[in-house]
Structures are given as structure tokens and as C-alpha cells.
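Everything below concerns the one structure shown next.
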Amino acid sequence: MSFDATLPLVVLATYGLFNLLLSAAVVLAWRTGLRQRLTEADAVLALRLLPAMGSATLVLTVVLPAFLLYEPPHAHDHPGLLLVASALFALIVFADAARRGLEASRATRALVRGSQPLLAHPAAAAGTEVTVLNVKEPLVGVVGGWKQRIVAARCVAAACDHEEFRQVLAHEAAHMRARDNLKLLMLLTLPDALAWLPTGGALTERWRAATELEADERASGSDPRKRVALASALIKVARLSIASGRPRKTSRMGAPLNGLEQRIRRLLAPSPAMRRGFPGRRVLTGALLVPLLAVPLYASVHRLIEALVAFGR
């Protein structure tokens, strides 16, 4: 097999192998106690992104340069079974991620199809686009990744008073500022094996629960009046959801999730002190150091690649 044919096989195969290893590491860490210590949304997001982003980083900054530098351009290799199987696994992972992304896009379009814009609601902040949905379920949330807007069922706007609905919109605006929808889309479309495992779903749900608590805090702050209004809105929307007979697990404000009681208790308690943010810059700096430290090891990496190509011939 020529150099040009071997290169994409090596890239796909190493991505698949790194993905399996990093997914297994995340599952092991989660099951051995990390789930009790990981509470901040950014920290949970970083762990969930690790298999996909870590695999891509290692392939592009370590495997690919080592192969291009040390592989003779006129070499002809016969790929072994492990290389082909790993490349096929990576293709399946990418195809399944694309499928999930298409399903999420179709679900969003179906949700807002036929909706009616509410441009002059007195609770809406200036410049905030709010769309009323003529649906029975008490939905409230943000749709869209780059172009975001708030959607709300008409029954929610009718059930809440002015201040309660204002806080509902403030909560969703906090999600918009944090780009939580874009992050959720990333989580749903990550090309990794973790998406097929219960740990992947548990991490996604933990992240969503953490974003709800953080959006509550950003929306209400330390103002007792705002905190009580938001808690009251949560209770009213939960009652509407129960009355509809179809409580949705995916809605933000409109679903009686397991974390609803925690959110209400936290809102009615004194405002907690702001926690120190997740050290994202330090984590990113550490990740960027990995390819730099690997430069002297390129020759050894290439030998490992050759062993991978030859395995199972």
C-alpha cells in the first residue's frame, strides 16, 4: 500500500485506539470516586471532552508529524488486521456522531416549526428574542447554537406573573451568555466511544444539572426577591408539567427533574459564596505542553506506528 493510502489509515486507526484508551480512563476515574468530587460545569465538560479532544490532539500533534517526518515517501506497506479494524472503528464513531448531530438539528427545527414570535412581552429584556410555542407541554429553553433565541410555551407565560417570567427569561439568558447550547451540541456529537457507555450519559446529565444551578445563580444573584420569584416559577412550571401528563426530561425549566428540589432549596437558602472557577487556562496550557514534550520522541512514536501497521498481517 502506498504512502498516500497508508497515511489516512494510520490517522484513523490511532484516533480510534487513543479514543478507546481515553474513554476507558474516564470510565475508570468516574467509577473510582471522581463523580463525588466533580461538581462544576466546566470541570465536567472538560472530562467529557477528554476522549475526543485528547485523541484529536495526540493524532494531529504527535502521530501525524512523526509519520510525516520518518516514513519514507515511497514506502509500500501491507496493513495488518489491527490497523484496518481500528480505522473502521474510528469511521463508525464519526458516522454515529454525525447521525446524532442531524437528529438534534431535526428535533430543534420540529420544535420551533409554526411557532409565533413574542416581540413585546413586558418581561423580555431589551434585545432578547422570545418565541412563544403553541404546545401543550410547558417548555422553556434556548434553541440554536450560534444564533440563539429563547422559546417558551404559552402556558408558561400565562402561569407566571411578571416578575416570575422575568426571572425565567433571565435564567435562559444566562444559558445564552454561557453558550450552553453550543456546548450541549458538542457533547451530543462527540466522536468517541464514551457516547455509547452509561458513563458518557452520566457525565452529560451531571453537566446539564451543574449548568442549571449556575444559571440560577447568575440570573438571581444575591437578591432574595429574584431568588424567590425564580423558585416560584420552577414550582409552577413543574406543576404544569405534571398536569400535562408528559413531563419532559430534556426541557430546562419545564421538567420535574431529580435536581428540581435541589435547585429550589438552593434558591430559597442564602446565596452561596461564588466558587473558584475551573482552571481552564492551566488545563489548556498542560495539554499544549504534551506535543512539545513529544517532539524528541518522534522516532520512537514512528516505530510504534510501524508496529501497529504490521500487527496482524
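One table, with the values for the structure above:
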| item | result |
| --- | --- |
| Sequence ranges 39-45, 15-21, ranked by mean other-Cβ count within 10 angstrom, highest first | 15-21, 39-45 |
| Contour excess over end-to-end distance, with Cα ends at Leu304 and Leu188 and 0.36 nm allotted per residue | 38.5 nm |
| Estimated vicinal HN-Hα couplings, Hz - segment 162-169 in sequence order (Karplus 6.51, -1.76, 1.60; Gly, Pro = x) | 4, 5, 5, 5, 4, 6, 4, 5 |
| Gain in span if fully extended, Ala287 to Arg154, counting 0.36 nm per residue against the direct Cα distance | 43.3 nm |
| Cross-link reach list, aspartates and glutamates versus Lys147, counting only Cα pairs under 17 Å and skipping chain neighbours closer than eight places | Glu129, Glu172, Asp180 |
| Exposure proxy ranking, count of Cβ atoms within 10 Å, fewest first, for His78, His171 | His78, His171 |
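We did not get these values from a lab; they are worked out from the coordinates using the rules stated. The structure presented is a predicted model; accordingly, all values stated were derived computationally and were not measured. Neighbour counts are summed over all protein chains in view; Cβ atoms, including those assigned to glycine, are modelled from backbone coordinates with ideal geometry.
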